[in-house]
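Written below as structure tokens is the structure these notes are about.
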Amino acid sequence: MIAFPGASQRHVCEVQKEFSKYMVGRLDSFSATLASFAVSLSPTVAPSSATDFNGIFLRAEKVERTMCDVLLPVLEHLLITDLELTEGGVGSSSCPLGSAGDVGFLEGVAPEAIKDAQAFLSLLRRAVADLSTLLPVAREINYDPFGYDNARRSVLFGPRGQVVGEVAKSLYVTCMEMREKLMSFVPSEREGERKTQFGQILEAARSFLGSSVPLHSSVFCLDLLRACVLNRFPKSKQIWVERRFGVCGRIKIDVMHIPCAEQEGKEEKAAALYCQPNAGLYELATGMNLLSGKVEGECQCWSDFYLANGYDVYLFNYAGYGRSGPIRRGGNGPLSCLRRIFGLFFTNFKPSPSSLKADALAVANYITKFADASSLLLHGESIGGLAAAHTARVLCDKERRQRSSSSSISFLVCDRTFCNLPAVGQRLVGAWAGPALQIFTPLWKTNVVADYLATTCNKIVACDASDAMIVDPSSLKAGVALSGEVGAWGRGVGKTSGVGLVWDAPVNMRVADWGGTGLKDHKSCYSSTRKPKPPQWPKDRHVLTEEAFYFAFCVRRIGKWATLHSKNMNNEDSSDEEEGIEITPIKQPTQSNSEENPFLCSPRNSFESTSVHLQVQGLAAMWSTLARTDSLTSSTLGVASKLGFDAIVAWLCASLVFGGQQLVRSAEERCGSSQNGTEDQHFSILSSDFEPIVVEDKGIAEFGALKPLSIPSVIQNLKKVCSELEIESRNDLILQIEEEIEYVVAMLTYVVDRISSERISSDARDIIHDRKEILNSVGTFLNLKCGHNSFYSENEQEMLKQILLNSQKRETIDYLNEMT
């Protein structure tokens, strides 16, 4: 339950509680709006201005549309069996949910809550009936060509005035009763306090034994939320998909299908299967907006995005989440309880990485076999990337064995996911968490990198370097880059097992780093002081492990050296030498700090103190420049430096593997190249294409007043520092780290030469525009700035849309070539 919180009953209860609060707030606002509308049509109340009446009328129309299109059909479908159809309303016969599959019938709601909901439904029907009478009258008043005052007098004080006044009064009374009834739906914060301690223990025991599930105290539960989603999207449907579990067990998976209106009537349809993140339920995947799907607007969730781009959408809950899980056999008797107790510890189903993979594969097989979808897009967010990548690999391998000419998997989108779970645990909890997870869960297979690289379909790896949940060195982007450049643990290019785990630097570099000395100055009987040579392009196609770690050592050495002396100059505690990019400003040698430091106030040393101050200031400025180096794909070099040696290695590898794609996008935008990436004689990579893109506000929060710098500008500044060491007024502090600076310059120069070369840029254009299909390709990289849980920005949505369009164009061209 710690690894999969979405499978806990507490999580479901919290979701239902928040949904209840949301619905009570919305309905209370609706009731207040309708009460104001009723008052505005009362003849005994002073008339409002034409502008105020127009606003009240428009709000009332929107409330009426929401009630009639969403709330009333849903509540009638769930509660109609206990109500008389003669009360009025839509009725179950005309409810669109009648053919929407197994919506649910409030099995987990307390009987008292159902009675309250039935009473509220009666009030809601009365309010809708009154609205149907008043809205035409209000529309006549609001749009009368002779003016608002004249229309109001003729309607309210004419022959219809008495009837309109009575209906308005009825609506007002009904709205007040609705607001009072809504108070019974509010989840009480003191609900648990009213129970005795024995009652709480008894309820927990019953839940543990499985003989009863705690009932929800409000009708606003997952069943109603699910029904709202199905009703919001026309022709959507709930589906049960079964798969095997164990020897003879079966698991049913709760699936929702939302068809795209643009694809209606087409023989070949495109479908998108969305794999939820951890603790995700498909009932929440479309948000809680009651009018979502009923009105056109901006995309606020993945369902909106894929529907707007011509895909049928499939959502599902993993087994153990929501209603998905083993098909339960047996009753609630003593024998069944004992059987469940035994199964709870030994044989019962529990969510695991294998179950998530199996669930996604079962749903994907259902879509490709029984649904009329010719192509399938798999989108996995967070832990959903684990399930999506495995499913894509299995289906691609199956089609390759069958030698199928066309692939049913059109795209794999791994969205803000990880390379493996132990790597995530190490960065979030501690280095011990990775080995502990491997010891206690030896059967868990979470190597997303291997599945991702093995897929032969088009694929995207989307990552935010500032992700707070999946730290950048443990992301799928870092795993793919490390395996493609140096291999997991330096075992060779292409090795993926264990990639992303905390990777210790060589002993000699670690010892020198602890001692705060250079590699050549460190003397040890058990470690080498040999310095590796920097790589050169095009001679060296890959960076060696030793070279990458020595680059990391040099960066940390420069950072620690600058931090140490800047803190000593400011009389600060220098115990923490890893400061990153936020170097403390150097204090000027004024009278105030001269009193604190007797050395500065000595006349004999006044010139020397000023010289030392200038040297420290230059050293801090140099490190501030280096620390702000942007990799085009990750955070700055200073941020990676604070995370450790392996984080800098991941930073370097990501720049080499994915940096070329970012350069190509910038160059094409500058050159005005066509969107399909056709050859352009004016296309070339310039230094200006390396300039980083900083998102407003977020960049300020992360970097303060300092913005990230491009790699060529950093190289230029560092070379200038090295050249100044040869003149007479040299900086002795920088001179002591001259070799480290030269190596960093050489490595960054290699990065620039490699990713801007004609060969790499040509391959990057082919990948971006889907002109080349390569086995084990790294896929297209999408650099995000939206965080872990937020939806994509408009610019990021447009980038993803363009990638999908390029893929569709290529599929069309391939199909025409086959026909000819």
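The values are calculated or read from the model by the stated rules, or taken from the named source; none is laboratory data. The structure presented is a predicted model; accordingly, all values stated were derived computationally and were not measured. Here the Cβ is made from the backbone with ideal geometry for all residues, glycine too, and neighbour counts use every protein chain on show. Ligands, DNA and RNA are excluded from the accessible area calculation, which covers all protein heavy atoms including side chains. Shrake-Rupley method; radii C 1.70, N 1.55, O 1.52, S 1.80 Å.
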What is the sum of charges around Ala462, taking Lys and Arg as +1, Asp and Glu as -1, for the other residues whose C-beta is under 10 Å from the C-beta of Ala462?
-> -2
Where does the charge balance sit around Leu453 when Lys and Arg score +1, Asp and Glu -1, over other residues with C-beta under 10 Å from its C-beta?
-> +1
Over 30 Å (Cα to Cα) - which of Lys642/Lys801; Lys459/Lys495; Lys169/Lys237; Lys539/Lys642; Lys398/Lys785; Lys21/Lys477 fall in this group = Lys642/Lys801; Lys169/Lys237; Lys539/Lys642; Lys398/Lys785; Lys21/Lys477
Looking at Ala129, Pro111, Val155, which one has the Cα that reaches farthest to the positive end of the dipole of region 101-168 (charges on Cβ: Lys, Arg +1; Asp, Glu -1)?
-> Val155
Env charge @ His788, Cβ radius under 11 Å, K,R +1 / D,E -1, value -3
Solvent exposure of region 1-50 as accessible area per residue, Å², 1.4 Å probe | 45
Considering only protein heavy atoms and a 1.4 Å probe, what is the carbon-and-sulfur percentage of the accessible area of region 440-554?
-> 57
List Glu739, Glu268, ordered by accessible area with a 1.4 Å probe, largest first = Glu268, Glu739
Once all protein chains are kept in place, Asp646 shows an accessible area at probe 1.4 Å, nearest 10 Å², of 20
In what sequence, largest accessible area first, do Cys419, Cys13 appear using a 1.4 Å probe?
-> Cys13, Cys419
Over region 22-82, with every protein chain in place, what whole percent of the accessible area is carbon and sulfur at 1.4 Å, could you tell me?
-> 54
Classified through the alpha carbon gyration tensor (a ≥ b ≥ c as square roots of its eigenvalues; rounded if a/c is under 1.5, else prolate when a/b is larger than b/c, else oblate), region 462-559 comes out prolate
Using a 1.4 Å probe, how large is the accessible area of Tyr792, given in Å² and rounded to the nearest 10?
-> 10
When only DSSP loop residues count, what chymotrypsin sites (Phe, Trp or Tyr not before Pro) in region 420-470 have their Cβ near at most 12 other Cβ atoms within 10 Å?
-> Trp432
